[in-house]
1. With θ taken as phi - 60° and the coefficients 6.51, -1.76 and 1.60, list the Karplus ³J(HN,Hα) couplings across the stretch A:205-218 in order, rounded to whole Hz; mark glycine and proline as x.
2. Show me, bin by bin at 5 Å from 0, the whole-percent P(r) of the stretch B:328-412 based on Cα pairs.
3. For residue B:43, list long-range residues whose amide hydrogen, built 1.01 Å from N in the peptide plane, is under 5 Å from its own amide hydrogen.
4. From the label point of residue A:336, set 7 Å from Cα along Cα→Cβ, how far away are the matching label points in the other copies, in nm, ordered shortest to longest?
5. Ordered by packing density, taken as the mean number of other Cβ atoms within 10 Å over each peptide's residues, highest first, how do B:27-37, B:160-170, C:225-235 rank?
6. For the charge dipole of the protein assembly as shown, defined by +1 on Lys and Arg C-beta atoms and -1 on Asp and Glu C-beta atoms about the Cα centroid, which residue among B:403, C:185, B:273 has the Cα displaced farthest towards the positive pole?
7. So what J values fall out for the stretch C:220-228 if you push phi through Karplus, 6.51 cos²θ - 1.76 cosθ + 1.60 with θ = phi - 60°, rounded to Hz, Gly and Pro as x?
8. Can you list the copy-to-copy distances for residue B:282, using a point 7 angstrom from Cα toward Cβ, in nanometres, shortest first?
Amino acid sequence: LGKCFIYGNQTKMKKNSTSLRVRLPALVFVLEILIVILYTLFVTYDNNANAKLQSNITILMENSLYRNYSFFADIQVMIFIGFGCLLAFFRLYGFGGMVFNFLTATFSIQWAILVQGFFQFYWDGKIHLGVLNLINAEFVCAVVLISFGAVLGKTSPVQLLVMALLEVPIFAVTEWAVVTYLKINDAGGSILIHMFACYFGLGVTFVLYRPNLNKGHVKEVTSYQSDMLSVMGTLFLWVFWPSFNSALTLKGDDQHRAVLHTFIGLSASTLTAFALSAMLNKNGKLTMADVQNVTLAGGVTVGASVDMMISPAAAYGLGILGCTACMLGYKYLSPFLSKNLRIQDQCGINNLHGLTGLIASLAGICAILFASEEVYGPKLQKLIPGIEPGLGRTAQEQALYQVAAMFGTVAVSAVGGMLTGLVLKVPFLASPDDESCFDDELFFNVPKDYNYIVGLTNSVDSDTLGFMAASSSHNLHAGFMINKNGFGANI
Amino acid sequence: LGKCFIYGNQTKMKKNSTSLRVRLPALVFVLEILIVILYTLFVTYDNNANAKLQSNITILMENSLYRNYSFFADIQVMIFIGFGCLLAFFRLYGFGGMVFNFLTATFSIQWAILVQGFFQFYWDGKIHLGVLNLINAEFVCAVVLISFGAVLGKTSPVQLLVMALLEVPIFAVTEWAVVTYLKINDAGGSILIHMFACYFGLGVTFVLYRPNLNKGHVKEVTSYQSDMLSVMGTLFLWVFWPSFNSALTLKGDDQHRAVLHTFIGLSASTLTAFALSAMLNKNGKLTMADVQNVTLAGGVTVGASVDMMISPAAAYGLGILGCTACMLGYKYLSPFLSKNLRIQDQCGINNLHGLTGLIASLAGICAILFASEEVYGPKLQKLIPGIEPGLGRTAQEQALYQVAAMFGTVAVSAVGGMLTGLVLKVPFLASPDDESCFDDELFFNVPKDYNYIVGLTNSVDSDTLGFMAASSSHNLHAGFMINKNGFGANI
Amino acid sequence: LGKCFIYGNQTKMKKNSTSLRVRLPALVFVLEILIVILYTLFVTYDNNANAKLQSNITILMENSLYRNYSFFADIQVMIFIGFGCLLAFFRLYGFGGMVFNFLTATFSIQWAILVQGFFQFYWDGKIHLGVLNLINAEFVCAVVLISFGAVLGKTSPVQLLVMALLEVPIFAVTEWAVVTYLKINDAGGSILIHMFACYFGLGVTFVLYRPNLNKGHVKEVTSYQSDMLSVMGTLFLWVFWPSFNSALTLKGDDQHRAVLHTFIGLSASTLTAFALSAMLNKNGKLTMADVQNVTLAGGVTVGASVDMMISPAAAYGLGILGCTACMLGYKYLSPFLSKNLRIQDQCGINNLHGLTGLIASLAGICAILFASEEVYGPKLQKLIPGIEPGLGRTAQEQALYQVAAMFGTVAVSAVGGMLTGLVLKVPFLASPDDESCFDDELFFNVPKDYNYIVGLTNSVDSDTLGFMAASSSHNLHAGFMINKNGFGANI
């Protein structure tokens, strides 16, 4: 690992190779062979997709496809376009944000179909594949992508695939244990999706700590275009979040409430985010990072009680509360974690998923404690699986199980994340040097105007350099010369 | 209000404060407290979302959620992404277009749930909230966003919230009166949505008249990127407009026809828009503003007769007619209104919503006059609520009611808009100075490359300056110096 | 046709007029009058959209609208936004890619409603229009847009309309013959959509061969922004491709399988595309063109067997196989075709639709040969229309019919494409000069910053000029002077 930085006009830096030419195909082909073998041996069609077990005449439109496909499509848009655009907010890492999201998501879903399928859709020796598996697998995928947010710009695609490879089974086991034994209420995935993903990601980034980046990085900036693209991602997530939170609830009024609560929660958090963004800025201006992230907090905070009869007003309050916690987290907690606890949380997932997930979980517990047959009618026990007659739990006891689920999930995910982080440090995985972080040129053939944008970045922003002020001034010269030649040839 | 413009190299202009630091949070928190109180006191679940009144076993998929949610989701995309991108067409006001649309839309819907809910979904002392309310509230939101188009780039977010605060109840009362007493046919909202929104917006902009901006503004330009983003917005509106026009029709063949007519009308207007755009341009080139706006005219013109048996050919003709009126409006009417009537209609809503709304209303009247049981069968009276037996109106009489609805709506909205405009002139609301219009720097923390784009705008476009040629040449120097320092430091 | 290229500082090039001022309106108005007449004479409502034939009370939600509309909406997104963004990948041809796609798609659908409607939805002397016609017409539209990919940047909008005018009927006849007489299995349109579109497009581009462009073109480059926009288009296509492939299958488990197979095929081809992209690049970096195109190959390769019981593992394998063929095609076949066979395939449709369509067709044949009642149950004959009892064909015979369909489709489309190409050479159609290819300025009023982007392109990329190095150096001087004046006025 002998790094050798020699700065000078005639010398080039010697770096660890980050060529993907062998690494990426090698890993992918091994994974694909594995997946094909497992698909061949273990995956068959769900009854609803099996020609022999269905009759097109009799139960045509009762096929689960028609109950679930539109929700699946909405979540697809969130995963591939919403996340993809949201993560493209860096000026020089738009390809990385959008394209690595694409790669990681695609692999995570394939892998989750197998691993999660084994725990949830396995019987008669086969995993039974239908559109419902796909929705569940997309949820696992969302977990991986949230964790990805913690290390955005600082990991190679090979590392991301390895992270997904490890995170998916750790999550699937946790989910299976929590759902099977603790029987928690968590339709929107506040505990299992958001908290798990957050602490897993924080675990990874804790191990991958880069001390040089704590003072900022010259390329850790947005551009006017990238900020707008990222807002588009936010809007796609915002618009389809009701589908996300309601996709796996019971059909009927439960799903209906989940849609309403999510919409109200998001509305409240959006309005609050604008107010707080202006209030906490010393010039009284709005910050795009707040618009991109904090507006979404309400979607998480209603998660664990999203199908309960919590009342529209409570959903509104949860939106305000979640947004406030998230905003204060971005303002005060993230810098603290970065400086003092070696946790460099690139996208602030601890604020948008951790703090809000915690609030959501507590709200879910309250919803269980206050649930009564007077409000819910006879189907109360169906809505809260933990208090079904057979188990003999009271609502109070179930509340304790929810707390246990929270602590258990956080513990498993944090430890799992740290172990995964250790694996990601293996040299073969093409981890970028500090200087090449947030830079698309490392892993992409960039178009020719990219050098021009780099030159602009170095010159325009040169007054605010933290780390790399010295080193990048050399790039600056080089980058500048390119531009100068281009523009100045005729002077 | 003592403005003091002193131009010079060493002095800075003294301006009214437009900091949002106190204003925006103050307004938002007051509104949020109000909303939470009203939600707590008055909002409960619709029967279809109430656990006690539903049984998941018996009437699972008959829940109104499944009839309406996909249409709701489509309209969400139109509101947040379609409008958001469409309004981001200014080179230096992309944040403002997209983000203020987000803010205004979010607040409008929350507010409409309460205000419109009081008129339409209120019984037993409660507003009953279901997905159908959300669709209706999104329609109110569309009204506010169309009006927003008239004052785009010239209003602060505080002003926009106040505008929504006033427009929503004025619209809700008008809608209630027109629907309850006049019982008009207007599935696509040609009168109530498009004409109301248009004349309200024109009323506001009439009062907010800025004489200095009549000769143009140096920042009133698009960029290559912003033009494309805006076309994306158009495409999202285009694609989902059939859902918009059909969301509130009767289910079954009525909704089916609404989809077909909207699609045909849009297709015809798109093709016509391309032809007219080239024909009316002296170099025979296409104009992006036409592609962004005029292509959509057909969606409005089929609105009032969208669920009637007008025939596909008539829908096609309406598309061509609406497009032609809209295009001529942009070419001749908008400049006339701006010069002679103090109406500065920034996005040309009078062309895309006013003129086309008028045509749509007339077409709706024709559709009623020519409706017969021979064509519609026994359900004719259900399709045209005005001629139901109990009311004792003939089709001819109902046509007069439609005319009355048009004039009444235009009168109320224009007056309401002017009164709202007066309120928006209150100094506290952070209205931008003339010079800061169409400029994201006023209300946003812009990324560092923004100054570079400003410099480019000032230099490249400096030959076409109208207003602000003198003043912005100073900015030009300043902006240039930043760039020069950036690029030139090493020379 | 006297072209006169004289290069020099004081002279301008004399070119054929490409003004759209007369040509485009003339063509459009003729087409619109034709369409209105045909709509008036021949188009009425489908029974599901006819007020007299429907009763809103009894068969409300059984209207075909509710079975098909969501699939239609998904395909709309693919056509207008997916294709539109994907084709906007050129740095200076973003308007052209996105906007000409809009124009061509809109016209193609209107025209297909009539032409295809005559073959498929015509009875009692009328074409019966419902949402199902729209889906079918969008498929025809997809055919035209794929062919458009072969000549992107080298054709005027007038030429594109004429191409659509000719391609739609040639396709409709072919489709009718193949479906009616050969009764092929091809739910995803591998043969009829992808292969037809591919060879039609190749036929057109063969005739429109431009020898000067074989060495590259200075404007044939992407930009950082355009590459990202294009990936967004890819993602929209990726996300909704399951809807595309399943829209016209039988409802129930058939449609369910079509969704699953498409999703799996796309996932496999995406993962493979990343691996191969890195492997085939000498620096081991990812190429955005691969991410934009090759990832989608799996959606095509599962097409002809998408509703069969081929097993998830086989769908996965088809994805890998299709992706590999597509990637190798881009790397080796496209340059070969361009150099040796006069086939300049701008977007590489031969790789993404031709090669993959071939693989899909062969896979479809295998699926038919291996189909048995043991796997499919009694409805096997419904799934494979060719082996219905009345026809008396065996599965082996039907396989031969599939082969015949392939050859027939390729032959008709290639000849049709070449004839269409000849028509497109008529001078009136405003074909761009070689130098004006890939340049939005020819057909659009471009915003002022466009000149700046052109200047940047000429200067930054000037070291890689092929054709036009000499001529554009003059532009470079001019373009530079604009920038220099802008930036340099204060030096």
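1. So the J values, rounded to whole Hz, are 6, 4, 6, 8, 2, 10, x, 5, 8, 5, 8, x, 9, 4.
2. Pairs per bin, as whole percents: 3, 13, 18, 17, 14, 11, 8, 8, 6, 3, 0.
3. For residue B:43, whose amide H was placed from the backbone, the distant partners under 5 Å are B:127.
4. Shortest to longest, the spacings are 6.5, 6.5 nm.
5. So the peptides B:27-37, B:160-170, C:225-235, ranked by packing, come out C:225-235, B:160-170, B:27-37.
6. Final value for the positive-end residue is B:273.
7. With coefficients 6.51, -1.76 and 1.60, one gets 7, 10, 9, 10, 4, 5, 5, 4, 6 Hz.
8. Here residue B:282 shows inter-copy label distances of 5.2, 5.2 nm.
The values are calculated or read from the model by the stated rules, or taken from the named source; none is laboratory data. Just so it is clear, the model here is predicted, and its values are computed rather than measured. Don't worry about glycine lacking a Cβ; one is built from the backbone with ideal geometry, like all the others, and counts go over all protein chains shown. These accessible areas exclude ligands, DNA and RNA; they are computed on the full protein's heavy atoms, side chains included. Shrake-Rupley method; radii C 1.70, N 1.55, O 1.52, S 1.80 Å.
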